[in-house]
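Please treat every number below as a calculation from the coordinates, not as lab data. These figures come from a predicted structure and were not determined experimentally. Counting neighbours? That spans all protein chains shown, and the Cβs are built from the backbone with ideal geometry, glycine included.
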Amino acid sequence: MNKFLLFTILFTVLISCVKKEEFKESMIKEKSLDLQVLEAYQEGMKNLESGDVLYAANKFNEAEILFPQSEWAPKSAIMAAYSYYTQDYYGDTIAELERFIKVYPLNKNLDYVYYLLGVCYYEQIVDEKKDLQSITKAKKYFQILIKSYPNTLYSLDAEYKIELVNDTLAAKEMYIGRYYFEKKKWIPAINRFKNVIDNYDTTVYAEEALHRLVEVHYLLGLKDEAKKYANLLGYNYQSSIWYEKTYGIFDKKYEEHKRKRKKEKTKRNKTFKKIKSLFSLNG
């Protein structure tokens with residue numbers, strides 16, 4: 001029995017002048033309202049399954065408005081948002097979900113709401129050079145989800161998606177940093193590369209960022225600072241191609257030796273092939 005019905009019964013008992021016929025009429029209206037809500041919800045589900053998502057969302061909204069105090073109201077609000085999401089109407093989905101958080105701040109399904117909000121922004125990320133709002137918003141909602149609702153299926157997937165978001169943010173920093181480097185704007189370049197090291201050190205761009213910091217400081221004549229980043233790169237990524245490039249900065253003959261070794265190896269391989277052919281059955 002819901003709170004609205006309890007209030008109706010209590011009000012009827014306390015006010016003796018209310019006729020029994022009026023009480024019965026109010027009960028019929030209440031039952032009729034529940035039925036209307038259920039019918040609107042079911043019609044929304046039916047149209048969602050058939051692909052008419054706009055009409056489905058409209059019916060879910062109608063169900064919520066008919067009886068906002070019922071348990072169907074928050075369910076209808078979520079289904080309205082989901083209806084929009086199924087056809088990539090991200091703006092409408094986000095608007096519905098943000099309204100849900102304001103209207104139902106204690107609802108048990110808030111973890112799903114934050115997850116879907118994050119996904120809506122996440123799926124709009126196309127280019128790290130342009131989609132900064134989508135990137136930062138996706139990360140914001142995924143972080144809220146992980147902090148407030150840990151150890152759920154939604155938060156586990158959010159953790160995975162945040163890693164990809166961080167890769168995208170790091171890619172953006174590297175893109176801008178390289179641009180400044182080419183324009184010889186050393187300080188802005190350093191700041192961008194440092195940001196990758198400080199905030200996105202688990203991404204694939206950390207190695208290159210360290211190498212770029214070595215490059216910039218070496219060009220500026222700050223060799224001790226360059227060595228500091230080179231040592232950090234060597235400690236963490238000694239087998240990477242970026243470490244080889246960094247090593248080449250300090251040892252000018254390194255690349256020359258490397259080319260010479262490669263040439264000798266190619267020559268040696270050719271010699272081995274000739275020897276092998278002498279002993280082959282078809283030789």
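Each listed q (0.10, 0.15 Å⁻¹) maps to a log10 I(q)/I(0) for the stretch 132-236 from the Debye sum over equal C-alpha point scatterers, namely -0.35, -0.67.
Which ordering of His217, His211 is given by a fewest-first count of other beta-carbon atoms within 10 Å?
On the way: His217 21, His211 24.
Listed from fewest to most nearby Cβ atoms, that is His217, His211.
Here the peptides 162-171, 79-88 are ranked by packing, the mean other Cβ count within 10 Å, and the order with the highest first is 79-88, 162-171. The gain in end-to-end length when the Leu38 to Tyr175 segment is fully stretched comes to 44.0 nm, 0.36 nm per residue minus the alpha carbon separation. Can you tally the net charge around Glu43? Count Lys and Arg as +1, Asp and Glu as -1, for every other residue whose Cβ sits under 13 Å from the Cβ of Glu43. The answer is -2. A cut-off under 15 angstrom between Cβ atoms defines the neighbours of Lys184, and their net charge, with Lys, Arg +1 and Asp, Glu -1, is +3.
By the scheme Lys and Arg +1, Asp and Glu -1, what is the net charge of all other residues having a beta-carbon under 14 Å from that of Ala77? Neighbourhood net charge equals -1.
In summary, the stretch 34-184 shows an alpha-carbon radius of gyration equal to 1.24 times the 2.2 N^0.38 Å reference for compact globular proteins. Coupling constants for the stretch 73-90 follow from the phi torsions by the Karplus curve (6.51 cos²θ - 1.76 cosθ + 1.60, θ = phi - 60°), and in residue order they are 4, x, 5, 5, 4, 5, 5, 5, 4, 5, 4, 4, 5, 4, 10, 6, 7, 5 Hz; glycine and proline get x.
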